[in-house]
Each structure stands twice: as structure tokens, then as C-alpha cells.
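Structure record follows, encoded as C-alpha cells.
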């Protein structure tokens, strides 16, 4: 009767028809919202789940992490919390995967024999029977997962927007996107892509028009994305940026693959040097600068001497 009080309707009763903001919900964070919730902790997710039932209210919930909480810091669920879960329809499911706390026992050494222990006190968990629900142990991350599922099945089809703090834009959270500096706008574009929970990110000239400081920040951001387990493919004409950033490099000449390998392999390949730099200076010109022709040609595409090797990737960055 909880679901079919107006008669049986075929389909999953937990999934509401999309309506209002859920009909064409944009994947990116809009410039203006009615309610902005910061943080996907228990309080934020509970509020977002409640507001997800009102599709005429534009509500977004943002989180600085780049994805869902994997392991929570808490695991004790009081009976009154399970009552709240019942209001959202998942109390029974979370009870099935949790274990119940019935009481607490205290043990001490046996005064008659110190090599043994005896139970000295026992506290019943709910002696007055104040709730029909249980005191549970289940990781907080699972509670948030259930709230997220409820939101996704709601008329507003709400999902958390992850990655705002991840890309370093937390201080810009109350600014319109069009008013951000150019470098921050580019990072915001990456944050919008991260909000879709991708497995692979394609970046086409992410540093175009950036100054050196913004380019370095973009490089650090892409490496953090790589270290989070995502694969990244970058198309870029800035060779120093590519060689600093990527684990694998694919060099194209007139639309055809010339060589693929590590940055060290690609930057030292004679075909790459000839294609991008040319045959180089004459011996006389090079000698005047104190360099051999080969050294002078390679200097334009090579990493500066002594830069450390990149760490082994989990997701990997590939450049072209």
C-alpha cells in the first residue's frame, strides 16, 4: 500500500516520471539556481533528496570531491535515522545489508582468576522499545548512495555536481561563469566534464590563450585527474606542455601518425625534429652559439635537462 495506494501501475514505483527541471536537466552547473547545497554529507544529501521531489525548484548540490564517497568516516546508524530512511523508502534495503546492535557488554578480569575475564555489565540498546527500527552498523557511504539513488529517481532527476573544489574554483562558487577570468573559465569547462562521472576525458587545446601561470595550473589539474584513475587524451600544439604532462605521445604530421612512444622517445626522434623544426642551423651558426646542430634542434622540443620523470599513471595521459 505504500506504493500502490491508487491501484497497481506497471513499472518500478520507486522511479517517478520526470517533470519540471528533470525533463531537460543540464549536465553542467547553471549560472543561476534557486537552491544551492554545498557538500554531499548526510545533512546535504537529506536536504537534496527532499527538494528533489519539487521539480519546479532548481536545486543543485555541489561537492569538492571528484566523485561519490567511497568509504565514510562513520558507521553507526541510530534507530531514529533509520526512521528517516523509511520516509525515503530505503530503510528495509539498508537493514538487509547492515548488522544490528542489540546491546553493549562490558568485560573485566575475573577477580577469582586474573587469567580469565567475566561480563561485568550489559546495557540493552533500546530498553524502552522507543522505535520499531533497529540500531545498525553500516558504512556512511552506503547511506549516501541510497540518497543519491532516490534523487536520481525523483521527478527532478537530481544528481550531485562533483569536482568544484577539485578544480580549484571554490572561491568562485558565487560568481557567474561569464564573469570568471579566462583561465578559470577553462577549468570550469573541465569541472563540467568531471560532473558527468566520465571514464575518459578528451581535451582539445586546453591551454590555448593561457599565460604561463595558467598553463602550469592546467597541467597540475590534469595530473590530478589522471591520478584519480581517469584516462585523459590531450590535443595540444604546445610541445613543452605535452612533454611535461603526458605518459604517451602520438605525433601527427599532416593528419598521419608519425610516431607514438614516451615523451623521451618522441622528442629525440629525428623524424619529429625534422618535421617540426626543420633541418636546423648550419654548423657555423650552431658553433657560434656553442651548440652542435643536433643539440640546437633538439632543444626546441626536448624537456629541459634534469626534469624528473612522471609518476606511473593509474588512468594515464596521452597527448597528440
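The values are calculated or read from the model by the stated rules, or taken from the named source; none is laboratory data. This structure is a prediction, so every number in the text was calculated from the model and none was measured. Positions of Cβ are backbone-derived with ideal geometry, glycine not excepted, and every protein chain shown enters the neighbour counts.
Residues that are at pLDDT 85 or above and under 21 Å from the mean Cα position of the chain (by Cα) within the stretch 193-205 comprise 200, 201, 202, 203, 204, listed in sequence order.
Quick one: is residue 9 in a helix (DSSP H, G or I) and more than 18 Å from the chain's Cα centre (by Cα)? Taking the combined requirement at face value, the residue does not satisfy it. Among the residues that make up the stretch 227-235, is at least one of them assigned to a helix (DSSP H, G or I), in contact (Cβ under 8 Å) with a residue 60 or more places away in the chain and surrounded by fewer than 19 Cβ atoms within 10 Å (Cβ to Cβ)? Yes - at least one qualifying residue is present in the stretch 227-235.
Okay, residues lined up against (1) surrounded by 14 or more Cβ atoms within 10 Å (Cβ to Cβ); (2) touching a strand residue (DSSP E or B) at 6+ places or on another chain (Cβ under 6 Å); (3) at pLDDT below 50; (4) not in a helix (DSSP H, G or I):
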{"position": "244", "(1), (2), (3), (4)": "yes, no, no, no"}
{"position": "249", "(1), (2), (3), (4)": "yes, yes, no, yes"}
{"position": "264", "(1), (2), (3), (4)": "no, no, no, no"}
{"position": "272", "(1), (2), (3), (4)": "yes, yes, no, no"}
{"position": "297", "(1), (2), (3), (4)": "yes, no, yes, no"}
{"position": "302", "(1), (2), (3), (4)": "yes, no, yes, yes"}
{"position": "306", "(1), (2), (3), (4)": "no, no, yes, yes"}
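Among the residues here, residue 94 qualifies as part of a helix (DSSP H, G or I), at pLDDT 85 or above and either in contact with a strand residue (DSSP E or B) (Cβ under 8 Å, 6 or more places away or on another chain) or over 18 Å from residue 152 (Cα atoms) (or both).
Condition check for residue 153 on (1) within 30 Å of residue 17 (Cα to Cα); (2) surrounded by 20 or more Cβ atoms within 10 Å (Cβ to Cβ): one failure, at (2).
Scanning the stretch 178-216 for residues that are in contact (Cβ under 8 Å) with a residue 12 or more places away in the chain, under 23 Å from residue 162 (Cβ atoms), in contact with a helix residue (DSSP H, G or I) (Cβ under 9 Å, 6 or more places away or on another chain) and not in a helix (DSSP H, G or I) yields 201, 202, 203, 206. When you scan the stretch 42-60, do you find a residue that is assigned to a strand (DSSP E or B) and closer than 15 Å to residue 151 by Cα, even just one? Within the stretch 42-60, one or more residues are assigned to a strand (DSSP E or B) and closer than 15 Å to residue 151 by Cα. When 94, 118 are checked against the criterion of being without any contact (Cβ under 8 Å) to a residue 12 or more places away in the chain and surrounded by 10 or more Cβ atoms within 10 Å (Cβ to Cβ), 118 stands alone in meeting it.
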